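The values are calculated or read from the model by the stated rules, or taken from the named source; none is laboratory data. The shown structure was predicted, so the numbers you read here are calculated from the model rather than taken from an experiment. Note that we place each Cβ from the backbone using ideal geometry, even for glycine, and neighbour counts take in every protein chain shown. For the accessible areas, the whole protein counts, side chains as well, though only heavy atoms, and no ligand, DNA or RNA atoms are used. Shrake-Rupley method; radii C 1.70, N 1.55, O 1.52, S 1.80 Å.
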Amino acid sequence: MTPQTDPCCDSDLMRSLGMATGHCAVVGLQWGDEGKGKVVDLMASQLDLVVRYNGGANAGHSVQVGDKRYALHLIPSGILSPDAINVLGNGVVIDPAQLVKEIIGLRAEGITIGDNLKISDRAHLVFEYHKVQDVLYDQALAKAMGGTAAIGTTGRGIGPCYADKALRSMAIRVGDLLDEAGLRAKLQRIVAVKNTVLAALAKQCDQPFTPFDADTVLQETLKLAEILRPHICDSAHLLHTAIDAGKRLLFEGANATLLDIDHGTYPFVTSSNCSSLGVHTGTGIPGHKVTNVLGIVKAYQTRVGGGPMPTELNDATAERIREVGKEYGTTTGRPRRVGWLDLVALKYAAQLSGATGIALMLMDVLSGLPELKLCTSYQHNGKTLANFPADANVLDTLTPVYETVPGFEENIEECKRFDDLPDNAHAYIQRIEQFVGTHVVMVSVGPRRDQTVLRNV
Ligand code: IMP
């Protein structure tokens, strides 16, 4: 059994998004948690394959179908659509224990998982030792920095796994699950080196450390491999074959553009190219094939973990937005930092990801605020900065310059058409479009599928 798609907006959806033809990407334009899961879920029934290209179980996509809320971490959000094939591309780092847990959990909810889930044999595997390393690195760095949290990672082993991928001989790929003897040899070699590194890190953090046993890791991994093996494939070949057969692909970003390892607020970023720039290396599909990019944007802004956030609020408005927007992490449960919408950062992210349209999410959360602020430039050392700076220290010390616009009192949760939104909401949206130079094609006014206002219908 698979949940049914609400009929509310299927027919007009892709036309309204400007995505009636071609392949598209859906990518967050802030620091994550913008609501990509809901949008991908809405679009998935109109496309043939939903493809993850980056990140791992650090991502958390929550999708509401009817009254039921699903929390997905690794499996693409298209899994809730009856006909979509879901692919974990080569750029994803896969924690096999988490993936199996997710498969079993979804099956228990009545979701079909069989030939509709494909896993790239070139994707890399996250092991328990990566998670230990993640936490110890953060602790060791925090200790060295005098108690300040370093990156504030999700502790899911993402950074250490990508680092091992770059180191090459320290890495294990999904394809290795198909070769028991090869996997055994690799684990024996790698676990020995890991134990040395982890013991030293643990000592620096005054933490106890029990070395990993390569054979135990192997046996646990082989058990998980039993469940994963039927899904393993050459995903680049699968995707090219699908494109040649006229199928339509949706690339689902995890994390978000300002967390991109090359272009985000480095070093306070994740370890993959989570902007749409990662689609190509993370799947093997070249740039010109992806003709549309839908940028997902919260009507305000949130961030979890460390790092600069120029428009962050620490007042009653932040509290209110956090409570109404349920701004607590899907993956870690951490309260999210909250702030006003930063148009300078948004314009930068929209350019990087090549956004052809914006879906403005959680607009309903702003209802009832007497006034709304939009950051349109920064002040730093007496100078006006019109562009998003690369240096995290500059971002941390600059002062945002705001435009204040009137808020809207009306509850908009049941608005169905763009014209139903209050005038002040229209004005807010228009200012975003004017500054960023990208059209807002969808406004989300609640978590349900039918709480979606399409601009162009
Ligand atoms: P990591 O990806 O676990 O290494 O975490 C690096 C930083 O990215 C931390 O500040 C995390 O909180 C943040 N981060 C990673 N993934 C997500 C996400 O999906 N949403 C929001 N923040 C994320």
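Before moving on, here are some points about what is shown:
- Cα gyration tensor category, rounded, prolate or oblate, for region 300-340 with a/c compared to 1.5: oblate
- Rule-of-thumb Rg ratio for region 125-229 [Cα; 2.2 N^0.38 Å; N residues]: 1.13
- Farthest towards the positive end of the charge dipole of the chain, among the residues GLN133, MET19, PRO335, is the Cα of GLN133, using unit charges on the Cβ of Lys, Arg, Asp and Glu.
- On Cα atoms only, tilt of 343-353 relative to the major axis of the chain in degrees: 50
- Helix 180-204 axis, angle to the chain major axis (alpha carbon atoms, nearest 10°): 70
- With 31 Å as the limit on Cα-Cα distance, the pairs of LYS36/LYS383; LYS143/LYS383; LYS101/LYS347; LYS101/LYS326; LYS101/LYS194 that go past it are LYS36/LYS383; LYS143/LYS383; LYS101/LYS347.
- Mean separation of Cα contacts under 8 Å (6+ apart) over length of the chain, as relative contact order %: 20
- Simple Cβ-charge dipole of region 219-367, Lys/Arg +1 and Asp/Glu -1, about Cα centre, in debye nearest 20: 160
- Prolate/oblate/rounded call for region 403-448, Cα gyration tensor, a/c under 1.5 rounded: oblate
- Net charge of the neighbourhood of VAL193, taken over other residues with C-beta under 14 Å away and scored Lys/Arg +1, Asp/Glu -1, is +3.
- Debye equation applied to the C-alpha atoms of the chain, log10 I(q)/I(0) at 0.09, 0.10 Å⁻¹: -0.58, -0.71
- Entry note, region 125-229: relative contact order of 28 percent, from Cα contacts under 8 Å with a spacing of 6+ residues.
- Spin-label model distance (nm) - THR404 vs GLU220, 7 Å beyond Cα toward Cβ: 5.5
- Along region 24-41 the Karplus relation, 6.51 cos²θ - 1.76 cosθ + 1.60 evaluated at θ = phi - 60°, assigns HN-Hα couplings of 9, 10, 10, 9, x, 9, 10, 10, x, 6, 7, x, 4, x, 4, 5, 5, 4 Hz to successive residues, with x for each Gly and Pro.
- Three-way shape label, region 155-311, alpha-carbon gyration tensor, a/c 1.5: oblate
- Each label was represented as a point 7 Å from its Cα along the Cα-to-Cβ direction; for ALA71 and ASP262 these points are 3.3 nm apart.
- Helix 128-144 axis, angle to the chain major axis (alpha carbon atoms, nearest 10°): 70
- In region 1-110, the GluC sites (Glu not before Pro) that fall in loop regions by DSSP, at most 14 other Cβ within 10 Å: GLU109
- Gap separating the Cα centres of region 277-316 and region 119-155, nearest whole Å: 21
- Placing unit charges on the Cβ atoms only, positive for Lys and Arg and negative for Asp and Glu, gives region 125-229 a dipole magnitude near 260 debye about its Cα centre.
- Here the accessible area is traced with a 1.4 Å probe on the protein chains. For region 356-418, carbon and sulfur cover 48 percent of it.
- Of all DSSP beta bridges in the chain, antiparallel share, percent nearest 5: 45
- Calculated mean residue ellipticity at 222 nm for the chain: -10500 deg cm²/dmol, from DSSP H runs with n ≥ 4 weighted as -39500 (n - 2.57), summed, divided by the residue count and rounded to 500.
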